[in-house]
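Novice: Quick one: the structure is below, and I'll ask about it shortly.
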Amino acid sequence: MRPRLFAALGWYLAAGTVVAAGCTREITAPVSVSGASVIVEDGNVHGVYPDLLRALAPRTGCRFAFPVVPRARQVALFESGMADLLMPATRTVSRDMMGTFVPMIRHRAMLISVDRGGAPITSARQLLARRELRVAVVRGFDYGFEYAAMVDELRRQGRLFREVDVVGVARLLHAGSADVTIMGPTLMAAAIRRDARVQGLQDKLKFQPIPELPWQQSGAYISHALKAEDQALLREALEKLGSSNQVLEGYQHYFRADMLSDSVRAR
């Protein structure tokens, strides 16, 4: 995937005639395993977002560091000003106070459950009323106010599991310890591919959109803690990247069109 993605970026990298002087320091972009967005294999970081940033380095003159941390830690580092970039990230009001958001794609979280032939859950109210269903989520995931309200109520009801990553959630579903999760379908599909212990789970899952989890912008946050000139340089580069649809094309190298159509769209 990576050579093809770099080739697809060729026209973008050649489009500008002015090479930036570069960032004033190395840009810290902590990452956590996140479907095809961020892949960590044997200590090597790649995937849609790290590969795109590396491809941008010659044009921007910036160097990027990708420390690997759990998702909740990744978010905490950004909120404390210790991370310069947060990506991938859904746009939220609280994050807008800490950084500048650059949209890359639109995506939608869905209810994902093991199909046992029951009636579909079509709203958050139905999910909260079905108290026999156990729900697993990933710490640090944020799909907006309605999502946060659902998670808070599920926690209050005593039927919420919080895992550090998507693989942990997949294992709970596979073992029958949880019944439902809330996330993008591509995240779950990528986790199942990576972990032999949950092979076969994908074919047992059903995916249900609900009104409380609408289509949202996803992309990158640039920290306000960065120097103004670094913020401006990164914002310009990421805006051009987002408008080129290269992020969506990166996902298309990993997933079939039918998997993407319900959960990932162009910006």
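Novice: Quick check on the range 237-258: of everything there that is outside any helix (DSSP H, G or I) and exposed (fewer than 15 other Cβ atoms within 10 Å of the Cβ), which residue is modelled with the highest pLDDT? Walk me through it before giving the result.
Specialist: Within the range 237-258, the first condition is being outside any helix (DSSP H, G or I), and the residues that meet it are 244-245, 253-256.
If we keep only those that are exposed (fewer than 15 other Cβ atoms within 10 Å of the Cβ) as well, we get 253, 256.
Working: His253: 88, Arg256: 83.
The selected residue is His253.
Novice: In the set Gly117, Gly81, Gly99, which member is touching a residue at least 12 places away in the same chain (Cβ under 8 Å) and at positive phi?
Specialist: Just a single option satisfies the conditions, and that option is Gly81.
Novice: Go through (1) surrounded by 22 or more Cβ atoms within 10 Å (Cβ to Cβ); (2) outside the structural domain of Ser32 (by TED's automatic domain parsing) one by one and return the number of the condition Leu234 breaks.
Specialist: Against the list (1) surrounded by 22 or more Cβ atoms within 10 Å (Cβ to Cβ); (2) outside the structural domain of Ser32 (by TED's automatic domain parsing), Leu234 comes up short only on (2).
Novice: Considering each residue of the range 12-52, count those that are closer than 17 Å to Glu236 by Cβ and at pLDDT below 95, and give that number.
Specialist: 12
Novice: For Ala190, are the conditions met, namely being outside the structural domain of Gly35 (by TED's automatic domain parsing) and touching a residue at least 12 places away in the same chain (Cβ under 8 Å)? Walk me through how you get there before you give the answer.
Specialist: Numbers: outside the structural domain of Gly35 (by TED's automatic domain parsing): yes; touching a residue at least 12 places away in the same chain (Cβ under 8 Å): yes.
It is true that Ala190 is outside the structural domain of Gly35 (by TED's automatic domain parsing) and touching a residue at least 12 places away in the same chain (Cβ under 8 Å).
Novice: Something else now. Here is a list: Arg106, Arg95, Arg73. Which entry is under 19 Å from the mean Cα position of the chain (by Cα), of a type in the set (Lys, Arg) and within 24 Å of Gln252 (Cα to Cα)? Break it down into steps so the answer makes sense when it comes.
Specialist: Numbers: Arg95 fails: within 24 Å of Gln252 (Cα to Cα); Arg73 fails: within 24 Å of Gln252 (Cα to Cα).
Residue meeting the stated conditions: Arg106.
Novice: Still on this model: Condition first: aliphatic (A, V, I, L, M) and more than 16 Å from Gly35 (Cα to Cα). Now tell me which residues in the range 221-256 satisfy that.
Specialist: Taking the range 221-256 as the starting set, the residues that turn out to be aliphatic (A, V, I, L, M) are 222, 225-226, 228, 232-234, 237-238, 241, 247-248.
Within the range 221-256, Ile222, Ala225, Leu226, Ala228, Ala232, Leu233, Leu234, Ala237, Leu238, Leu241 qualify.
Novice: A further question on this structure: Just to be sure before I move on: is Leu128 in contact with a strand residue (DSSP E or B) (Cβ under 9 Å, 6 or more places away or on another chain) and among the aliphatic types (A, V, I, L, M) in the structure I sent?
Specialist: So Leu128 does not fit the description; no.
The values are calculated or read from the model by the stated rules, or taken from the named source; none is laboratory data. Bear in mind that the values here come from a model prediction, so they are computed numbers and not experimental data. Glycine gets a Cβ as well: all are built from the backbone with ideal geometry, and neighbour counts include every protein chain shown.
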